[in-house]
Each structure stands twice: as structure tokens, then as C-alpha cells.
Amino acid sequence: MTIAFITGITGQDGSYLTELLLAQGYEVHGAVRRTSSLDRSRLAHLYADPTLYNHRLFLHYADLDDPTTLRRVLTKVAPREVYHLAGQSHVGLSFEIPETTCEFTAMGTLRLLEILRDLPEPPRFFHATSSEIFGRPLEVPQTETTPIAPVNPYGCAKAFATQMVRVYREAHGLFAVNGILYNHESPRRGENFVTRKICRAAAAIKAGHQSKLPLGDTSARRDWGHARDYVRGMWLSLRHDTPDDYIFATGQLHSVQDVLENAFAALDLDWHKYVETDPHLLRPAEPMQLVGNADKARTTLGWLPQTSFTDLIHEMTRAEFQVLADTSIN
Ligand code: G4F
């Protein structure tokens with residue numbers, strides 16, 4: 001049985017990846033942070049399955065700022081594959097907490113690479129990096145060779161980590177892969193990301209629980225796909241014979257306004273009546289034209305995104321509305 005280790009296992013991507021790896025027959029280990037809250041809701045359905053939890057799914061207390069513990073756990077688990085998904089991932093917040101962002105996202109990745117380099121049999125390593133490394137790119141769409149030019153602290157931290165992965169691949173011979181991930185969403189997305197925020201608000205407005213939706217820049221455009229598709233790309237990239245960098249993207253740009261239109265229309269609502277601009281939600285700098293060319297992942301790994309933008313936003317909105325309906329019944 002192949003053993004995998006996941007940092008960020010309790011997040012959106014971690015939970016979908018865990019489902020995929022378990023379905024592929026893996027034994028899955030995940031690092032969880034020691035906090036007073038035990039919120040592992042995205043894993044709850046797996047956690048509650050007595051045939052999986054502590055049989056093929058294991059959680060360990062370990063964190064990126066505690067390399068001693070991380071080293072001990074990784075030595076004991078001896079994984080064949082490591083998926084590094086953890087980090088401070090909110091771009092807007094990275095302007096408020098740049099040091100924490102760099103500590104976890106940049107230095108945390110370097111610490112992990114150092115630990116893996118020392119293991120008797122270094123595992124294959126996947127690093128979830130981001131389109132934010134390109135910032136205001138000279139090329140549209142971007143490819144794996146587009147120059148790195150981040151415009152926010154999060155993008156800078158990811159740029160450092162991405163380049164370190166390349167250094168460890170080339171200088172130390174690690175099987176280390178950068179997945180350059182464009183925005184990927186789902187009903188499990190964190191509530192402070194714009195797609196989830198909008199879908200949640202549309203459902204709450206429909207149910208009469210909310211009357212206004214404050215937003216930042218609604219003209220901002222992103223390349224949005226479904227997280228389930230992107231974790232499949234992660235897995236495929238570690239199964240390939242050689243390590244490399246891959247863009248995972250849909251190749252299509254949509255605006256925040258497109259998200260609003262699709263989410264509100266799914267519930268027969270007119271978004272214009274509810275949305276208001278909150279200047280606090282405008283960012284000091286916005287990346288431009290972040291849209292990816294995933295040809296390399298398609299031709300080398302056979303990866304293709306399978307969910308359209310409209311289907312994604314409808315799925316998210318319906319999921320939010322269902323949660324409210326279930327809550328009102330119980
Ligand atoms: O949903 P967002 O916060 O995602 P963002 O900043 O693009 O970052 C996400 O995708 C990156 C690329 O894959 C990841 F690296 C990163 O970790 C994260 O997963 O914002 C999307 C757009 C931005 O232009 C933002 O300014 O929506 C705009 N926006 C407008 N109003 C808002 C809001 N974003 C948020 N979070 N909240 C708003 O009220």
C-alpha cells in the first residue's frame with residue numbers, strides 16, 4: 001500500500017486529495033495543527049468511518065513552524081509521497097500579516113524540503129504553489145516559463161517556495177514538483193474567499209437571513225476551476241516518471257461579477273439589489289490577467305479540468321442553500 005503524507009489535510013484541497021488517495025488504495029497520513037478548536041469538518045465523513053480512521057487514515061499533530069516534530073513524524077511514517085498544501089493562503093490577509101505569511105508559506109516549505117532531503121529514502125514531493133507568483137505577468141496566458149513577478153506578500157512567499165523546490169530538485173536530486181494552481185473552489189472553500197462568500201450570501205438572502213453583501217473589486221477577474229479537478233492533477237504529477245513544474249488552470253477568465261450573476265440567478269435573485277462596495281475589501285494591489293495555459297499538464301499527465309465555471313458556481317450555491325434548508329428542518 002502506498003503511504004502518502006499531506007500537510008494541510010483539513011483544508012479544501014486536503015480533504016478532496018484524501019478522498020482520492022483513499023479511493024486509490026493509499027494509506028493517508030496528515031499533519032494537523034494543535035489548536036483549541038477541533039474543526040475538521042471537511043474530513044468528518046472520513047474521520048467518522050471506523051474502517052478508515054486509524055486504519056488507512058491517520059492524523060498527527062505537527063506543524064510547519066515545528067521542524068523537530070515534523071521530522072519525527074515523517075521519519076516514523078516514511079511516506080512514499082508528500083503533498084504540501086499547508087500555509088497562509090489568503091492574499092488580502094497577507095498584506096495584514098506578511099511575516100506570518102512568509103514564515104509558514106516560504107520558510108515552512110524550505111524546512112520541509114530540508115527534512116525530506118535527510119530522510120533515508122526521500123519521498124516524492126508535491127508543492128501546491130499559486131498563480132499569484134506571476135503577479136502582473138508579461139504573458140497572457142501564463143505557462144511554466146513565464147517570469148515570476150509577484151505583487152503581494154503571499155505571492156512573494158510562494159515565489160520563494162517555488163524557486164526553492166526547483167533548487168532542491170536540481171541541486172539535491174529530490175523528486176520535487178511545483179503545481180502552479182490557479183483559483184480552485186468548491187462547497188468546501190474557506191468562507192472568506194470571494195466565490196464561497198458570494199454563494200453563501202445568495203443562499204442567506206434567499207432564505208431571508210441577510211440583506212446586503214459587501215464586496216471589494218467586482219471587476220477583478222480570475223481563472224476559476226473546481227478543487228476536485230486540481231487534486232487529481234497533484235496526484236498525476238507524482239505518478240509521472242520525472243519531476244517538473246505544471247500549470248493547473250482552466251484557461252478561462254471570469255469576473256467577480258460573473259460569479260455574482262451565476263450564483264444569484266441560480267436562486268432567481270437580482271444581485272444588483274444587494275451588493276455594496278466596501279472600500280476595506282479593496283486590495284492595495286491586484287494581480288492582472290492571471291489565466292493559465294495548462295497544455296503541459298494535458299499533454300504530459302493527461303490532465304483536463306472537468307467542471308465548467310457555471311456548474312461550479314451552481315454546485316456551490318445549491319450546497320449553501322441545502323445547508324440552510326437542513327438547518328431549518330433540524
Ligand atoms: O477569492 P479570493 O480571495 O482569491 P485570490 O486572492 O485570487 O487567491 C486565491 O487564489 C490564488 C490563486 O490560485 C491562491 F494562490 C490563493 O491562495 C487563494 O486561493 O479573491 C479573488 C478576487 C480578488 O481579485 C479579490 O480582490 O476577488 C476579489 N474580491 C472582491 N471582493 C474579493 C472580495 N475577495 C475576497 N476574498 N472578498 C471579497 O469581498
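The values are calculated or read from the model by the stated rules, or taken from the named source; none is laboratory data. Here the structure is a predicted model, which is why all the values come from computation and not from measurement. Neighbour counts are summed over all protein chains in view; Cβ atoms, including those assigned to glycine, are modelled from backbone coordinates with ideal geometry. For the accessible areas, the whole protein counts, side chains as well, though only heavy atoms, and no ligand, DNA or RNA atoms are used. Shrake-Rupley method; radii C 1.70, N 1.55, O 1.52, S 1.80 Å.
Accessible surface area normalised per residue over the range 229-330 is 51 Å², counting heavy atoms of protein chains with a 1.4 Å rolling probe. Computed with a 1.4 Å probe on the full set of protein chains, the accessible area for Ser255 sits at about 20 Å². Using a probe radius of 1.4 Å on heavy atoms only, what accessible surface per residue do you get for the range 18-88? Whole Å² is fine. Result: 53 Å² per residue. Mean sequence separation of contacting Cα pairs (under 8 Å, at least six apart), scaled by the length of the chain, corresponds to a relative contact order of 18 percent. Against the chain, whose longest principal axis comes from its Cα atoms, helix 12-23 is set at around 60 degrees.
Beta bridges per DSSP, both residues in the chain: antiparallel share near 5 percent. Distant-in-sequence amide contacts of Val275, defined by a placed amide H-H separation under 5 Å and a gap of 5 or more residues or a different chain, comprise Leu213. For the pair Arg318 and Ser255, a Förster radius of 25 Å applied to the C-beta separation gives a FRET efficiency near 0.70, rounded to the nearest 0.05.
Over the C-alpha trace of the range 99-147, radius of gyration and Dmax come out as 14.4, 42 angstrom.
Report the far tail of the P(r) of the range 96-200, meaning the percent of Cα-Cα pairs longer than 19 Å. In whole percent, the share of Cα-Cα pairs in the range 96-200 beyond 19 Å is 52. Proximity of backbone amide H atoms, modeled 1.01 Å from N, is registered between Val82 and Phe5, Arg124, Phe125, Phe126 at under 5 Å, excluding neighbours fewer than 5 places apart on the same chain. Listed values for the range 232-244 are Karplus-derived 3J(HN,Hα) couplings in whole Hz (6.51 cos²θ - 1.76 cosθ + 1.60, θ = phi - 60°), namely 5, x, 4, 4, 4, 5, 7, 8, 6, 5, 10, x, 7, and x replaces Gly and Pro. In this Cβ point-charge picture (+1 for Lys and Arg, -1 for Asp and Glu), the chain has a dipole of about 540 debye about its Cα centre.
If you fit an axis through the alpha-carbon atoms of helix 194-206 and take the longest principal axis of the Cα set of the chain, what angle between them do you get, 0 to 90°, nearest 10? So the inclination is approximately 40 degrees. On the principal axes of its alpha carbon atoms, the range 51-128 extends 40, 32, 20 Å, with the longest extent given first. Surface calculation, 1.4 Å probe, protein heavy atoms: Tyr61 sits at approximately 120 Å² accessible. Over the range 15-69, the ratio between the Cα radius of gyration and 2.2 N^0.38 Å evaluates to 1.17. Against the empirical 2.2 N^0.38 Å (N residues), the chain has a Cα radius of gyration ratio of 0.99.
What does the extension gain come out to for Thr143 and Asp270, with contour length at 0.36 nm per residue minus their alpha carbon separation? Computed gain between Thr143 and Asp270 is 42.0 nm. Here the accessible area is traced with a 1.4 Å probe on the protein chains. For the chain, carbon and sulfur cover 51 percent of it. For the range 273-290, backbone nitrogen atoms closer than 11 Å to the point 7 Å from Phe95 Cα along Cα-to-C-beta are found at 279-287.
When its C-alpha radius of gyration is set against 2.2 N^0.38 Å (N residues), the range 1-140 gives a value of 1.08. Computed over all pairs of different Cα atoms, the Kirkwood value for the hydrodynamic radius of the range 213-320 is 15.7 Å.
Each residue of the range 86-92 was assigned a 3J(HN,Hα) from its phi angle through the Karplus expression (A = 6.51, B = -1.76, C = 1.60, θ = phi - 60°), giving 7, x, 7, 10, 8, 5, x Hz with x at Gly and Pro.
Rolling a 1.4 Å probe over the protein heavy atoms gives the range 164-225 an accessible area of 37 Å² per residue.
Loop-located trypsin sites (Lys or Arg not before Pro) across the range 143-235 with a Cβ neighbour count of 15 or fewer within 10 Å are Lys212, with loop assigned by DSSP. In a shell of Cβ-Cβ distance under 9 Å around Leu20, excluding Leu20 itself, what net charge do Lys and Arg (+1) and Asp and Glu (-1) give? Combined, the nearby Lys, Arg, Asp and Glu give +1.
Computed with the Debye formula from one identical point scatterer per Cα of the range 174-261, without solvent, the log10 of I(q)/I(0) at q = 0.11, 0.15, 0.19 Å⁻¹ comes to -0.41, -0.66, -0.89. Across the alpha-carbon atoms of the range 234-296, the computed radius of gyration and Dmax are 17.9, 53 angstrom. In a fully extended conformation the segment linking Asp217 and Ser328 would gain 36.7 nm over its present Cα-Cα distance, using 0.36 nm per residue.
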